[in-house]
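In what follows, a single structure is set out as C-alpha cells and then discussed.
The values are calculated or read from the model by the stated rules, or taken from the named source; none is laboratory data. Note that the coordinates shown come from a computational prediction; the quantities given were computed from them, not determined experimentally. So basically every Cβ, Gly included, is an ideal-geometry build from the backbone, and we count neighbours across all protein chains shown.
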Number of protein chains: 2
Amino acid sequence: MYNWKELLDYVNGELARLPFDRKPAELYAPIRYVLSIGGKRIRPVLMLMAYNLYREDAKGIASQALAIEIYHNYTLLHDDLMDHADMRRGMPTVHKKWDENAAILSGDSMLVMAYQYMMKDCPSEHVGEVMRLFTETALEIGEGQQYDIEFEGRSDVSEDEYIEMIRLKTSVLLACALKIGAVLGGASRQDADALYRFGESLGLAFQLQDDYLDVYGDPAVFGKKIGGDILCNKKTYMLINALGRAQGEDRTLLKQWLSQKDGTYAAEEKVAAVTALYNKIGIRELCDEKIRFYFEKARRILGEVSLPEERKRLLWEMAESLLGRKS
Amino acid sequence: MYNWKELLDYVNGELARLPFDRKPAELYAPIRYVLSIGGKRIRPVLMLMAYNLYREDAKGIASQALAIEIYHNYTLLHDDLMDHADMRRGMPTVHKKWDENAAILSGDSMLVMAYQYMMKDCPSEHVGEVMRLFTETALEIGEGQQYDIEFEGRSDVSEDEYIEMIRLKTSVLLACALKIGAVLGGASRQDADALYRFGESLGLAFQLQDDYLDVYGDPAVFGKKIGGDILCNKKTYMLINALGRAQGEDRTLLKQWLSQKDGTYAAEEKVAAVTALYNKIGIRELCDEKIRFYFEKARRILGEVSLPEERKRLLWEMAESLLGRKS
C-alpha cells in the first residue's frame, strides 16, 4: 500500500504534468497558477487511499484524483472572488493578480475541466454512479456556499444550521472523494457508503478544527494570522455557542465587541477579549469536545468497512495526522 | 415529424416543469428567473429536430434538451456579469436584480445542473460520447469568451480571428446541440458529423446576421436598440473590414469616430456617420455576402446527410426562418 507522502508526491507530479496546451494561453494561465500554488491535496490523496484499500495499484485513477483537486481549487478561486479575499496560501488570488473577469471565466473553465478529468478513463460500469455523485456533491457545495453567504447577514444562526453548512461546504467533497475511490476500486455498496460517511464526519471534525485553530492555533503552524474569524465576526461554531451561553456582563461585552466598527479598536485587543471570553465560558472545551465527537464517529464508521484493520491503518493514520490528534 | 413551434412549446413546457425543490431557495431563485424570461430556445429545439430526423418520438431526450438550454443561459448570465450588462431580453440581469455574488454562484450551479440533466436518462451506449462532446464544447465556449474579451483591447483583430472567435463563442453550441440530437437518435457517424458542421456554418451565419442587424435591423423586429455595436466600437465583422478597406478621408473619419470619448457626441450622430461609411465602402454588401456564404454552406452540408430531402425539410425551414432568408 502507498502512504500519504507517496500519494501526495504522485498527485503533485500528475498536476505538474497537466498539459495546458489549449489556447488562448491567457484563459489557462490563472488555472495553471492556482494549481501550482500548492495545498495539502487532501481530496485526491483520500481518493487514492480509498482506491488503494481495494487495489494494489493506487495510481489507476489519476484522472479522477486530478478532477477532484481541480474542482476543489475552482471552488477556492470563486469563493475568494465572492469573499474579496486578496491572498490564498501566501499568494495573491486570481482576481487580484489578474482581474474579476479572469477569475470568473477561468474558474468556469476549471469546473468544466473537472468534469473532463472525472470522465476520462472512467470505467463504463462506474461512470454513471461516479458522475452522479460528483454532480450531486457540486450542487451541495454551491448550496453550502450560499448558506455561508446568508449566515453573514443573520444573527440567529443555530448550531445545527452551522453544522449543516460546513457539511455541505466542506465535508461532502471529502466524502465524495473517498466514495469515488472506493467505487472505482471495486468496494461493496456498504463499504463505499461507509467511506462516504467516514469522510463526512472527518470533514466536520476538520472544519471545526480549522475554526478552533483560527483562535487557538500556533501562528507558525496554522499558516494564517490568528483571530481572523473573530475580527470579522464570523459565525463559527465557537461564536454561535458563545452567543448562546454568555450571560450578564459576558453577554454585554460580547455584543459590544460584535457591534464595534472596524478601525475603532486595535485588532489584537478584540481578539484577546473575545478569546478570553471563550475561555471563561467554556467555549474552547466545547469546541474541542465537538471535534473529538466527529473524530471518534469517523473512527467508528471506518470500523464498519469490511476490511482487516491492518488494511485501514494508513487511512486512519492520515485522519489522525489531519486532525493532529490520536484516538 | 414535429415542427418548430411544437418543439418550442414542448421545451418551454419542460422548462416550466423543472422542480427547483432544492434549498436554499435564494440560490435557485436567480436560476428559475433567467430560465423563465424566455428566449428563442434555438439550441434545444435544434437538438430535438436532429433527433426527430431519426426517430418519430422527438421528445425522448427532454433532459438533454433542457441541459443545453440551462447551459446556454448560464453562459449568458456570466457573460452579462463580465460585460456589466444591465438588461437581457428587456429584464434586469441577475447581478443587477440580485448582486454579483448571486450571479457567480447561481451561474456555477447552473453549469452543474447542465451536466446533471445532460447525464440524466442518457443511454449508456451514448453517454461517453455525449458528455465528451458537451465538455469539449463548454471549454471552447470559454475560449471564445476569452478571445472576445481580449479583442476589446486590440486594434489589429483580423477577419479570420473574428470568425474563429464567433465560431467558438456561438457556433459550436448549435453544432453540439445538433450532433447530440443526432447521436441519441441513432444517426451514423457521417450524419452526426455533418449535422455538427451544418450547425457550425448556421451559427456563423446567425452571428454575422446579428452583427448586421445591429446596424441595419428594424428596431421593432430586432428587439435591441440599433447601433449598439457601433457606439461601443465593437470589433465586428463589419468594423474589422471597414478598418481594412477605408482609405484617405474615409479612414480618417472612421478613426476619428473610434477615438471619440463618450459624451462628446450625440449617439445617433456616430451611428449615422459610421453606417454611412459602411454603405459608402461596401461593408453592408460584404457582410450580406458573408452571411449568404455560410448560409449556403450550411445548405450544402445538410445535403450530405443521408436522409430523403423531405425528411430534412423542417430543419432547413428552421434555418431559413432563423436567418430570415430563403435559399
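Among residues belonging to the stretch A:123-135 that are within 9 Å of chain B (Cβ to nearest Cβ) and touching a residue at least 12 places away in the same chain (Cβ under 8 Å), point out the one that is nearest to the chain's Cα centre (by Cα). The selected residue is A:134.
Per the listing B:190, B:116, the residue uniquely within 30 Å of residue B:60 (Cα to Cα) and more than 14 Å from every other protein chain (Cβ to nearest Cβ) is B:190. Considering B:66, B:81, the condition of being at the interface with chain A (Cβ under 10 Å from one of its Cβ atoms) and either buried (at least 24 other Cβ atoms within 10 Å of the Cβ) or within 19 Å of the chain's Cα centre (by Cα) (or both) is satisfied by B:81 alone.
Looking at the stretch B:20-30, is at least one residue of a type outside the set (Phe, Trp, Tyr), over 25 Å from residue B:207 (Cβ atoms) and more than 14 Å from chain A (Cβ to nearest Cβ)? Show your work before the answer.
Here is the first cut: in the stretch B:20-30, the residues of a type outside the set (Phe, Trp, Tyr) are B:21-27, B:29-30.
Filter once more, keeping what is over 25 Å from residue B:207 (Cβ atoms): B:21-27, B:29-30.
Now restrict to residues that are more than 14 Å from chain A (Cβ to nearest Cβ): none.
Checked the stretch B:20-30: no residue is of a type outside the set (Phe, Trp, Tyr), over 25 Å from residue B:207 (Cβ atoms) and more than 14 Å from chain A (Cβ to nearest Cβ).
What's the number of the condition residue A:181 fails, among (1) more than 30 Å from residue A:242 (Cα to Cα); (2) touching a residue at least 60 places away in the same chain (Cβ under 8 Å); (3) of a type outside the set (Phe, Trp, Tyr); (4) within 8 Å of chain B (Cβ to nearest Cβ)? Of the numbered conditions (1) more than 30 Å from residue A:242 (Cα to Cα); (2) touching a residue at least 60 places away in the same chain (Cβ under 8 Å); (3) of a type outside the set (Phe, Trp, Tyr); (4) within 8 Å of chain B (Cβ to nearest Cβ), the odd one out for residue A:181 is (4). When only residues in the stretch A:188-214 that are of a type in the set (A, V, I, L, M) and surrounded by fewer than 23 Cβ atoms within 10 Å (Cβ to Cβ) count, which is modelled with the highest pLDDT? Within the stretch A:188-214, the match that is modelled with the highest pLDDT is A:194.
Considering only the stretch B:291-308, I want to know if a residue exists there that is of a type outside the set (Asp, Glu), in contact (Cβ under 8 Å) with a residue 12 or more places away in the chain, outside any helix (DSSP H, G or I) and on the phi > 0 side of the Ramachandran plot. No, every residue in the stretch B:291-308 fails to be of a type outside the set (Asp, Glu), in contact (Cβ under 8 Å) with a residue 12 or more places away in the chain, outside any helix (DSSP H, G or I) and on the phi > 0 side of the Ramachandran plot.
Only a single item in (1) basic (Lys, Arg); (2) closer than 28 Å to residue B:201 by Cα; (3) within 14 Å of chain A (Cβ to nearest Cβ) is not met by residue B:40, and it is number (3).
Against the conditions (1) surrounded by 16 or more Cβ atoms within 10 Å (Cβ to Cβ); (2) free of Cβ contacts under 8 Å to residues at least 60 places away in the same chain; (3) among the hydrophobic types (A, V, I, L, M, F, W, C), residue A:45 satisfies every one except (2).
Specify the residue that is nearest to the chain's Cα centre (by Cα); the eligible residues are those in the stretch B:136-159 that are away from chain A (no Cβ under 11 Å) and at pLDDT 95 or above. The residue in question is B:159.
Could we say that residue B:162 is within 11 Å of another protein chain (Cβ to nearest Cβ), within 30 Å of residue B:189 (Cα to Cα) and crowded, with 22+ Cβ neighbours inside 10 Å here?
Values: within 11 Å of another protein chain (Cβ to nearest Cβ): no; within 30 Å of residue B:189 (Cα to Cα): yes; crowded, with 22+ Cβ neighbours inside 10 Å: yes.
Criteria not met by residue B:162.
Restricting attention to the stretch B:36-58, the residues being β-branched (Val, Ile, Thr) and over 16 Å from residue B:90 (Cα atoms) number 2.
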